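The values are calculated or read from the model by the stated rules, or taken from the named source; none is laboratory data. Computed from a prediction, not measured in an experiment: that's the story for all the values here. For neighbour counting, all protein chains shown are included, and Cβ atoms are generated from backbone atoms with ideal geometry for every residue, glycine included.
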Amino acid sequence: MTSILAPLVRGICIDAAKTSRIVIPGEGPAPQNALTIDLESAFEKDNKGGEAFSEEGAAKILHEAYASWEFEISPSGAERTETVKKQPSSIVLKRGAQTLAIFWIDRDLDTARNRRKNRDDTLLEEQVLQKSGEASLFQALSAVGRSGVMANRVAVVTGGAQGFGEQISRGLASSGALVFIADLNLSGAEALAEKINDSVGRTAAIAAEADVTSEDSMEHLFTFIAEHSGGLDLCVSNAGILQAGSVMEQKLDAFELTTKVNYVGYFITAKHASRLLRLQHLAAPQWKTDIIQINSKSGLEGSNKNSAYAGSKFGSLGLTASFALELVDYNIKVNSICPGNFFDGPLWADPEKGLFVQYLNAGKVAGARTVADVKAYYEGRIPMKRGCEGPDVMRAIYYLVEQEYETGQALPVTGGQVMLH
């Protein structure tokens with residue numbers, strides 16, 4: 001039940017504050033200053049005489065209760081250009097006399113945890129600027145501080161413990177986000193989370209084991225996220241594999257595994273991410289959230305002796321466009337980023353399984369005798385003469401999150417190697 005109630009509570013807190021919130025469950029007696037809400041009428045009889053919980057009904061009850069709560073609005077300054085809203089830092093959900101859940105709320109995870117530990121239910125204060133139309137337009141036209149769009153927001157990165165995933169996890173955490181590093185390699189995710197938290201001096205990363213090809217695993221992942229942060233703002237579907245081979249020689253199981261991870265895995269990730277984001281949307285209908293798939297330039301053009309990978313990426317762009325059309329009703333934007341080659345990551349550079357070795361062994365680069373020959377060949381094909389790097393992808397992520405008027409797109413980040421027209 002917590003995984004359903006938490007995103008609804010996070011939604012009403014976001015809707016009221018117009019900024020992100022962390023919501024975590026608590027125990028014990030109700031805090032003195034808590035906003036208490038009775039959800040009894042959200043439990044309805046179903047067609048079989050049983051009982052069902054109405055998520056939409058609960059969202060309506062939460063909105064009405066929050067709107068009627070007497071939080072303070074105090075003016076500041078003679079021209080009333082700024083107000084201070086005081087909001088509850090704890091919410092108790094009941095069903096009649098039964099307590100369903102207690103939630104503690106704050107701007108970041110560490111502060112919310114401290115509130116829960118110390119039972120600190122003092123009200124949250126949020127400054128709200130009352131800008132003129134001209135000032136609001138000026139701010140909207142400015143792109144200064146684009147990375148700030150992720151400050152205090154919640155993100156998950158699948159395949160987040162290595163390669164582009166590691167770069168993205170680090171980048172989001174350094175930009176102020178709380179990042180769930182979801183990876184099959186749990187020990188690697190845990191080690192990276194520890195490094196990130198030490199470097200930024202706060203709990204900015206949480207490791208979670210996840211298999212994108214498993215429905216049960218991904219359902220558990222998004223339940224885990226809801227129960228540890230209240231909800232989500234950005235899902236980066238990054239997990240992927242590549243097994244090169246000629247269409248005349250590649251084994252079917254290798255082709256199917258690539259398709260299962262890259263294509264089916266994206267579907268499963270988006271399925272369970274969107275379910276969580278929809279719940280949050282019921283209580284925060286104006287709050288925009290994002291699903292961003294890390295695709296590839298191979299999703300925009302063919303790839304010689306690499307058909308399994310390119311085909312899975314081409315297909316994923318069809319998923320992105322289709323998901324975007326459906327999920328826009330819930331203010332969920334869905335886009336793909338198509339990076340060029342990340343030569344320094346393990347996908348390319350691993351001495352045993354990397355693409356440089358695979359391509360050398362497959363004879364994909366005519367005349368190449370060493371890994372260095374293969375790398376030089378691929379660098380020479382790029383107009384900017386270098387591979388794609390983590391910061392290049394991070395700038396694209398910030399753009400897609402900040403850009404509220406774009407969904408269903410495939411954004412190339414290829415150094416000029418692939419140009420759309």
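Just a few scattered comments:
- Scanning the range 269-288 for residues that are outside any helix (DSSP H, G or I) and not small (G, A, S) yields a count of 4.
- The single condition from (1) surrounded by 19 or more Cβ atoms within 10 Å (Cβ to Cβ); (2) within 19 Å of E215 (Cβ to Cβ); (3) among the basic types (K, R) that K271 fails is (1).
- Candidates L360, L319 - the one that is free of Cβ contacts under 8 Å to residues at least 60 places away in the same chain, more than 30 Å from A284 (Cβ to Cβ), surrounded by fewer than 21 Cβ atoms within 10 Å (Cβ to Cβ) and in contact with a helix residue (DSSP H, G or I) (Cβ under 8 Å, 6 or more places away or on another chain): L360
- Those residues of the range 289-339 which are assigned to a loop (DSSP other than H, G, I, E, B) and more than 29 Å from V154 (Cβ to Cβ), in sequence order: L300, E301, G302, S303, N304, K305
- S312 being over 27 Å from E56 (Cα atoms) and not assigned by TED's automatic domain parsing to the domain that holds A16: yes
- Residue in the range 381-392 that is crowded, with 18+ Cβ neighbours inside 10 Å and without any contact (Cβ under 8 Å) to a residue 24 or more places away in the chain present: no
- F103 vs. criteria modelled with pLDDT of 95 or more and either of a type outside the set (S, T, Y) or surrounded by fewer than 18 Cβ atoms within 10 Å (Cβ to Cβ) (or both): yes
- Any hit, the range 220-229, residues being in contact with a Gly (Cβ under 9 Å, 6 or more places away or on another chain), buried (at least 18 other Cβ atoms within 10 Å of the Cβ) and under 23 Å from V328 (Cβ atoms): yes
- Scanning the range 280-311 for residues that are touching a Lys or Arg at 6+ places or on another chain (Cβ under 9 Å) and more than 30 Å from S3 (Cβ to Cβ) yields S296, K297, S298, G299, L300, S303, N304, K305, N306.
- Taking the criterion of being of a type in the set (D, E), modelled with pLDDT of 95 or more and outside any helix (DSSP H, G or I), the only residue of the range 227-268 that qualifies is D233.
- Of all residues making up the range 18-54, the number that are in contact (Cβ under 8 Å) with a residue 40 or more places away in the chain and surrounded by fewer than 17 Cβ atoms within 10 Å (Cβ to Cβ): 12
- Some residue of the range 186-197 being free of Cβ contacts under 8 Å to residues at least 60 places away in the same chain, out of contact with any Ser or Thr (no Cβ under 7 Å at 6 or more places or on another chain), surrounded by 24 or more Cβ atoms within 10 Å (Cβ to Cβ) and among the hydroxyl-bearing types (S, T, Y): no
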